[in-house]
1. Which value at 222 nm does the chain reach when only helices count, each DSSP H run of 4 or more adding -39,500 (n - 2.57), with the total divided by all residues and rounded to the nearest 500 deg cm²/dmol?
2. Taking amide H atoms as placed 1.01 Å from N in the peptide plane, list the residues 5 or more away in sequence, or in a different chain, whose amide H sits under 5 Å from that of V285.
3. Just want the answer: with Cβ charges of +1 for Lys and Arg and -1 for Asp and Glu, which residue in T444, V505, L401 is farthest toward the dipole's positive end in the range 383-505?
4. What's the exposure ranking of F92, F164, F609, going from fewest to most Cβ atoms within 10 Å?
5. Over 26 Å between C-alpha atoms is what I'm after, so list which of K662/K709; K246/K283; K36/K283; K36/K511; K119/K260 land there.
6. Straight-line reach from K4: which aspartates and glutamates have a Cα under 13 Å away, not including same-chain ones fewer than 8 places off?
7. Using alpha carbons only, what's the Rg to Rh ratio of the range 161-279 with Rh from Kirkwood?
8. For each of R102, R94, R321, count neighbouring Cβ atoms within 10 Å of the residue's Cβ, then give the residues from fewest to most.
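Nothing in this text is a laboratory measurement; each read-out follows from the coordinates by a stated rule. Just so you know, these numbers come straight off a predicted model, no measurement behind them. FYI the Cβ positions are ideal-geometry reconstructions off the backbone, even for glycines, and counts take in every protein chain you see.
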Amino acid sequence: MSNKFYLTTPIYYVNARPHIGTTYTTVIADVIACRKRALGVDTFFLTGTDEHGQKIQRSAEKANCSAQEFTDRVAAQFRALWDRMGLTYDDFIRTTDPRHKRGVQKLFSLLQQRGYIYKGSYTGQYCVSDEAYVDVPPGAPCPECGRITETVNEENYFFKLSAFERPLLELYENNPDFIRPETRRNEVISFVKAGLKDLSVSRTSFKWGVPFPGDEKHVIYVWADALANYITAIGYGSDNPADQAKFEKYWPADLHLVGKEITRFHCVYWPAFLMAAGLPMPKSVVANGWLLFEENKMSKSRGNVVRSETILDVLGADALRYFLLREIVFGHDGSFSFDALVQRYNADLANGYGNLVSRTLTMIGKYFDGVVPEPVAGQADSISTEAPNAIAAFNRSFDALDFSRALETAWAMVAAVDGYLTASAPWKQPESVTDGQQRALRATVLYTAAEAIRIITALVYPVIPDAAAKVWGQLGLGDIHTADLRNLTWGGLPPGTRLGEFGPVFPRAEKDAITRMQQIEQSNNSDTPAVPAENTLGEPFGALAATPVETQGLAVAAAEEAAPPSISPAAPAAPAPSVPVAVAKGGSTQSAAPSSDKIISEKITIDDFAKVDLRVAKIMVAERVPKADKLLRLEVDLGYEQRQILAGIAEAYTPESLVGRKVVIVANLAPRKLRGLESNGMIVAASLEGGRPVLAGFLEEIEIGARLK
Ligand code: MSP
């Protein structure tokens, strides 16, 4: 069996900085890499950033800087976060690196030489957010992310993907572990069985990419460029013999870790490119589920993100790692909340493992002068007899990537040792027991607890490396990072070992930890300047939306076609209100509010108001929705993204009168579908009951994306 392990994370788009959703896969990869190294495997862990393509070019334009400056800045943010978290990646590839460009061009020249590339043209829909060609009618949303697709009509180079239908199906059949988990495997197999069309692998309508070899009018399609990072980072395309040797040593990859929505790219396109180039197949692609926040995928464009830094500031990196691996069943979606994080931290880390270490080592300090005592031979106890089973169960679960269960096993051991200490009560001396007997009993109990802690610590080291390093040192065992953690067997802690210096491992989280983290997040959001340039780097607070309600006098014009908000052609036209918001009911522009107009008297706090993410947006496209008299389909630009909103204002506004107009939208409501189209936000308008809606607007110039607050 080969003693090398090459694992990769997806490379992250640099259109926004990282959050805990993007941290998730990287942490999983780091945990696996740490364990492999501790087991003596020659491990290479690669991560990096995906920096080309239309999405990034547009983000850079909005930020008013060159694409290179923009990507330099955000790639540095990713790297800085990984470094702050102490992640142990061996290389960080950027797709703007010259070594990557060279490798990509070599790969595509080879595909061309081998007859797998031809010139053609593509007319169809493209989702810029996912950087994916999608098979939907013009104007329809992307089936994956729900955002508006754009029509592309370009000359392209095509890759003969259709030639790989059979070979791909054989690959999946002969290698049942190639795609995991099973659900993703089934999805991919059905996708391929439904028939593969040739894939456009170049773009001509923008410039930010790797030039196509021999035809620089084209840039290589960003996914084709990005996937190649897995080989270019380890030397593919280089003439240097050391790089070539590295490639020979590490390729094929043992594990590509990916998010579930990008399995198709990794399990269909990537192996097909490799087959066409005559290169070996990666051994497996494993997909993780999504980290959800408030029931939606945490994502930069949805704006419902939590920054990893917030958690690092308050609880530290180990807390985040432990939470992600223990709380989320790997392969499934899982929810993040500050409550759950702090609860796990206090219950498992502070009161569980941390407390066990502290009480055991304190007693060894007190009763044995800080030297690990010699246990009395032949006294079997449930802890030492159960330990081999627990170690085997942990290893089995971990190697099956069932991290949550592995940790459950380790923490069952923590609880068992805790219970054993309490039951044995080494601090008490029953009257019938002599001093000598008492000392022997104490020695056995405390040795057993300390040895169990050593084993638990060695097992969980990849998950909580900082804490494990402290405990290892406190046990007097030196540096865990260089320790040999193979063949863990009971009795490995030598009696007579002098303990190291004590110190808290996981101090209990203070009562206000949750509010502190929430405040850090909030101030991060409100500090985010509303100008689009900054918004693309900061995480916008608002997101997909559209529940058609009348809220506190805001006649919200998005959505429900069946019950459009207070529209009546007979109602008097009111002048457009000025900033900040059309708070219309009972307002001064309408002197005779009908009595049925409810005046809301219940007071709300500023925090309640802050929950509504009101943003300035510009209407770019407006059109009627077929067979829906009252609905308009709008495409609005928020500076940091474009989105589709359906508004029940067709009887009050013609589509032509709206294009170019700046409006106010509620940006953070859940999306909903109307007439089969997704509405991602609400336009704010004022109206009297039964009256015409009047869109909120501005008298002075204001940038799109600006937040109303
Ligand atoms: N650039 C491509 C990947 C190219 S790999 C050759 C890309 N980038 S991404 O930044 O959009 O996403 C990178 C990874 O982050 C994906 O695996 C995605 O699933 C993951 N995640 C982004 N948000 C996430 C969560 N909320 N939860 C879990 N994973 C998340 O796709």
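1. Value at 222 nm, helices only: -11000 deg cm²/dmol.
2. I179, R180, H256
3. Of the options given, the answer is T444.
4. Ascending Cβ contact count within 10 Å gives the list F609, F92, F164.
5. K36/K511; K119/K260
6. K4 reaches D42, E248, D254.
7. 0.99
8. R102, R94, R321
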